[in-house]
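To start, the structure under review is shown below, and the notes come after it.
Here, each number is a calculation from the coordinates, and none is a lab measurement. These numbers come from a predicted model, not from an experiment. We place every Cβ from the backbone using ideal geometry, glycine too, and count neighbours over all the protein chains shown.
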Amino acid sequence: MHNIVKPPVEIERKYIVFSLPNNLDLSNYPVALIKQGYLVSCSQGAVRVRQNNKKYFLTSKRALANHLIKREEYEVELSKQQFDKLWPGTLGRRLQKNRYLIPFDEYMIELDVFSGDSSGRMLAEVEFSTVAEADKFRPPSWFGRDVTDDARYSNAYIAEFGYPETR
C-alpha cells in the first residue's frame with residue numbers, strides 16, 4: 001500500500017496597486033524584508049531561493065491549470081550557508097521587496113513594495129482556501145487591475161525583466 005501525499009496548493013489573486021489610501025500607514029503593519037532569486041523559471045513554474053528577514057528558503061512552484069490562480073508549492077528551509085551557495089546561480093534573475101501584512105475582512109493582504117530597478121512599484125496578493133472563494137472575493141477599492149493570469153506580473157518575470165509598467 002502506498003501513501004499518497006497531496007501536494008500543498010496555493011490559491012491566490014494578485015493585483016496592481018498604484019497608490020495607497022491616505023489612512024493606510026504601512027508603519028502600523030508587520031513587514032518582511034525579502035531578497036529572492038530564481039534558479040530556473042519557465043511558463044510551467046519556477047524554482048527560487050529567498051531570504052525572508054533572517055530565514056532562508058528554497059521553493060518550487062508550478063501551475064496546476066491554464067490560469068495561475070492555483071499552483072503547487074513546495075518549500076524547504078535552508079541554512080544561510082546553503083542559501084549563500086545557491087544565490088550566485090540566480091544572477092540576472094533577482095528582486096528585492098518589502099512585504100507588508102495587512103488584515104482585510106477575513107483575509108490577509110500581502111502588499112509587496114519593490115525596491116531596486118522596480119522601486120516603488122506595488123503588487124498585492126490575497127490567498128484563499130478554494131478557487132470558489134477566490135472567485136467571490138471583492139478587493140478593496142485601492143486595488144487596481146487583477147493580474148493573476150498575467151505572467152508579466154509574476155515575481156519570476158519581474159526578477160528577470162523588471163516590472164512591466166517600467167518597461
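Between L101 and S115, what length in nm is gained on full extension when 0.36 nm per residue of separation is reduced by their alpha carbon distance?
Details: separation 14, 0.36 × 14 = 5.04 nm, distance 1.72 nm.
Extra length from L101 to S115 when fully extended: 3.3 nm.
Which whole-Hz couplings ³J(HN,Hα) result when phi for each residue of region 87-97 is put into the Karplus expression 6.51 cos²θ - 1.76 cosθ + 1.60, θ = phi - 60°, listed in order with x for Gly and Pro?
Running phi through 6.51 cos²θ - 1.76 cosθ + 1.60 with θ = phi - 60° gives 3, x, x, 9, 3, x, 9, 10, 8, 9, 7 Hz.
On the first, second and third principal axes, largest extent first, how far apart are the outermost C-alpha atoms of the chain in Å?
Extents along the principal axes: 49, 42, 31 Å.
Using helices alone, I'd like the mean residue ellipticity at 222 nm for the chain: each DSSP H run of four-plus residues gives -39500 (n - 2.57), total over residue count, nearest 500.
Values: 3 runs with 20 residues, N = 167.
Calculated at 222 nm, the ellipticity per residue is -3000 deg cm²/dmol.
Considering only C-alpha atoms, what is the centroid distance from region 132-156 to region 20-90, in Å?
Comparing the Cα centres of region 132-156 and region 20-90, I get a distance of 18 Å.
Where Rh is the Kirkwood radius over the Cα pairs of region 77-167, the temperature 4 °C and the viscosity 1.567 mPa s, what D in µm²/s does Stokes-Einstein return? Each step should come with its number before you reach the end.
Details: Rh = 15.1 Å.
Estimated diffusion coefficient is 86 µm²/s.
By per-residue mean of other Cβ atoms within 10 Å, what is the highest-first order of 109-115, 29-35, 90-96, 131-137? Before the final figure, lay out the partial values.
On the way: 109-115: 19.3, 29-35: 14.6, 90-96: 16.9, 131-137: 12.3.
Result, highest mean first: 109-115, 90-96, 29-35, 131-137.
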